[in-house]
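The structure appears below as structure tokens.
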Amino acid sequence: MCLPENCCHESVNLKTMHELSLAMEVVDLALNELNTKQLKSVLELEVEVGDLSGVEYETFQTAMEMAVKGTLMENTTVILNRVHGLGKCSNCGEEFKMEHRVSLCPVCKGFPGEILSGTEFRIVSLLVE
Ligand SMILES: [Zn+2]
């Protein structure tokens with residue numbers, strides 16, 4: 001048994017925990033919707049995951065699979081849309097792909113004064129019946 005407080009893989013576990021708790025929140029939200037509308041199943045759930053949102057796409061994908069297990073959403077089609085980070089240089093105005101929040105302009109090494117996309121993390125659609 002590997003307790004979170006003294007685990008040798010602490011950083012890895014904590015990271016997964018973050019994505020997992022988010023995934024469980026998403027599942028909860030969808031199931032609530034189902035309850036409120038007194039419907040039977042969630043057909044499809046679509047979530048947007050930005051590269052700069054602090055949620056790791058692959059980890060979240062795994063977390064979603066774990067989160068739906070044993071729930072009414074076990075057979076739901078889960079669509080995850082990965083949104084790449086895009087920043088605009090505050091110095092030269094170049095628009096460039098950002099892999100991290102600390103990415104710099106490839107032309108002049110300036111800071112991205114503006115982040116155009118990639119920070120989103122949201123449910124974009126939920127199909128129930
Ligand atoms: Zn620049």
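Couple of notes before you dig in:
- Selection of strands (runs of 3 or more DSSP E) fully inside the range 28-129 by the criterion of at least 3 residues being under 28 Å from M17 (Cβ atoms) and under 15 Å from the mean Cα position of the chain (by Cα) returns 42-50, 77-83, 121-128.
- In the range 54-82, the residues that are surrounded by 15 or more Cβ atoms within 10 Å (Cβ to Cβ) and touching a Lys or Arg at 6+ places or on another chain (Cβ under 9 Å): E56, Y57, T59, L72
- For the range 36-53, a residue qualifies if it is aliphatic (A, V, I, L, M) and either surrounded by fewer than 13 Cβ atoms within 10 Å (Cβ to Cβ) or over 30 Å from M98 (Cα atoms) (or both), and the qualifying residues are L39, V42, L43.
- Scanning the range 42-80 for residues that are touching a helix residue (DSSP H, G or I) at 6+ places or on another chain (Cβ under 6 Å) and free of Cβ contacts under 8 Å to residues at least 12 places away in the same chain yields one hit, E74.
- From S117, S125, S103, residue being within 16 Å of the ligand (Cβ to nearest atom) and out of contact with any Lys or Arg (no Cβ under 6 Å at 6 or more places or on another chain): S103
- Matching entry among E33, E94 (being surrounded by 14 or more Cβ atoms within 10 Å (Cβ to Cβ), acidic (D, E) and within 16 Å of the ligand (Cβ to nearest atom)): E94
Values quoted throughout were computed directly from the atomic coordinates according to the rules given, and no laboratory measurement underlies them. Bear in mind that the values here come from a model prediction, so they are computed numbers and not experimental data. With ideal geometry, Cβ positions are generated from the backbone for all residues, glycine too; neighbour counts draw on all protein chains shown.
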